[in-house]
Amino acid sequence: MKQIIFVTGGCRSGKSRFALDYANKHFKNKIFLATAPALDDEMKKRIKAHQEARGPEWAAMEEQTEIAKAVASVKTNYEVILLDCMTLWLSNIIMAGEQESQIFSRTEAFIEAIQKIPQSVIIVSNEVGYGIVPVNDIARQFRDIMGTVNQRLAACADVVVWTIAGLPQIIKGTLR
């Protein structure tokens, strides 16, 4: 049975590991939707480590901005789409100059797309509101928009998992 699972937590909290482990245990045909651009050597190493952790049984696609279209294009032979991560997606869009209203329209289009498809979807996103108030406007804008996007995703999700120190805590729904 299809589920939309939203996994959030701080940096290095175990979000991606939980999402990957859950998908590996519960789904045979899996596709990974990556939003991270390989802009420098450090990020290229991170991406390579993520690819190696997934292994060859995962199909993969990369889309840095058009995630609603990417989700809608996934063939039905896949049982689950794991999107990692919304935080980088938002960063990509903000850096491209999109305004808040456009970002929220994209968020709603993504939600509509994941609700229409037959696959389960696991969405990974950072919780960015636990730190200090950022010193500059773009960082505050990012934090505020990410918080709203996360709220919208949590509202539409069947299950919300919060990870802290590698420990997943279900805060909404029941995993099947």
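The values are calculated or read from the model by the stated rules, or taken from the named source; none is laboratory data. Bear in mind the structure is a predicted one, so any value in this text is a computation, not a measurement. With ideal geometry, Cβ positions are generated from the backbone for all residues, glycine too; neighbour counts draw on all protein chains shown. Areas reflect the complete protein model, heavy atoms only, side chains present, ligands, DNA and RNA absent. Shrake-Rupley method; radii C 1.70, N 1.55, O 1.52, S 1.80 Å.
May I ask you to list the residues in the stretch 1-49 that are on the phi > 0 side of the Ramachandran plot and either surrounded by 14 or more Cβ atoms within 10 Å (Cβ to Cβ) or among the acidic types (Asp, Glu) (or both)?
Answer for the stretch 1-49, where residues must be on the phi > 0 side of the Ramachandran plot and either surrounded by 14 or more Cβ atoms within 10 Å (Cβ to Cβ) or among the acidic types (Asp, Glu) (or both): Gly9, Gly14.
When the residues of the stretch 128-159 are narrowed to those that are more than 23 Å from Ser105 (Cβ to Cβ) and in contact (Cβ under 8 Å) with a residue 24 or more places away in the chain, which ends up least open to solvent (accessible area, probe 1.4 Å)? Give the steps one after another, and end with the answer.
Keep residues of the stretch 128-159 that are more than 23 Å from Ser105 (Cβ to Cβ), which gives 130-136, 158-159.
With in contact (Cβ under 8 Å) with a residue 24 or more places away in the chain added as a condition, the list becomes 130, 158-159.
Details: Tyr130: 155, Asp158: 69, Val159: 0 Å².
By that ranking, first place goes to Val159.
Could you check the stretch 29-51 and list, in sequence order, the residues that are outside any strand (DSSP E or B) and of a type in the set (A, V, I, L, M, F, W, C)? Show your work before the answer.
The first filter runs over the stretch 29-51 and keeps only residues outside any strand (DSSP E or B), leaving 29, 35-51.
Residues satisfying the conditions are Ala36, Ala38, Leu39, Met43, Ile47, Ala49.
What is the residue count in the stretch 50-71 for residues that are open to solvent by 70 Å² or more (accessible area, probe 1.4 Å), touching an Asp or Glu at 6+ places or on another chain (Cβ under 9 Å) and either at pLDDT 90 or above or more than 14 Å from Phe32 (Cβ to Cβ) (or both)? Spell out the reasoning first.
Initial filter on the stretch 50-71 (open to solvent by 70 Å² or more (accessible area, probe 1.4 Å)): 50-52, 56-57, 62, 64, 69.
Within this subset, residues satisfying the condition of being touching an Asp or Glu at 6+ places or on another chain (Cβ under 9 Å) are 50, 69.
Next cut, either at pLDDT 90 or above or more than 14 Å from Phe32 (Cβ to Cβ) (or both) only: 69.
Residues flagged as open to solvent by 70 Å² or more (accessible area, probe 1.4 Å), touching an Asp or Glu at 6+ places or on another chain (Cβ under 9 Å) and either at pLDDT 90 or above or more than 14 Å from Phe32 (Cβ to Cβ) (or both) within the stretch 50-71 amount to 1.
Is it the case, given these coordinates, that Glu79 is touching a His at 6+ places or on another chain (Cβ under 9 Å) and within 24 Å of Arg176 (Cβ to Cβ)?
Values: touching a His at 6+ places or on another chain (Cβ under 9 Å): yes; within 24 Å of Arg176 (Cβ to Cβ): yes.
So Glu79 fits the description; yes.
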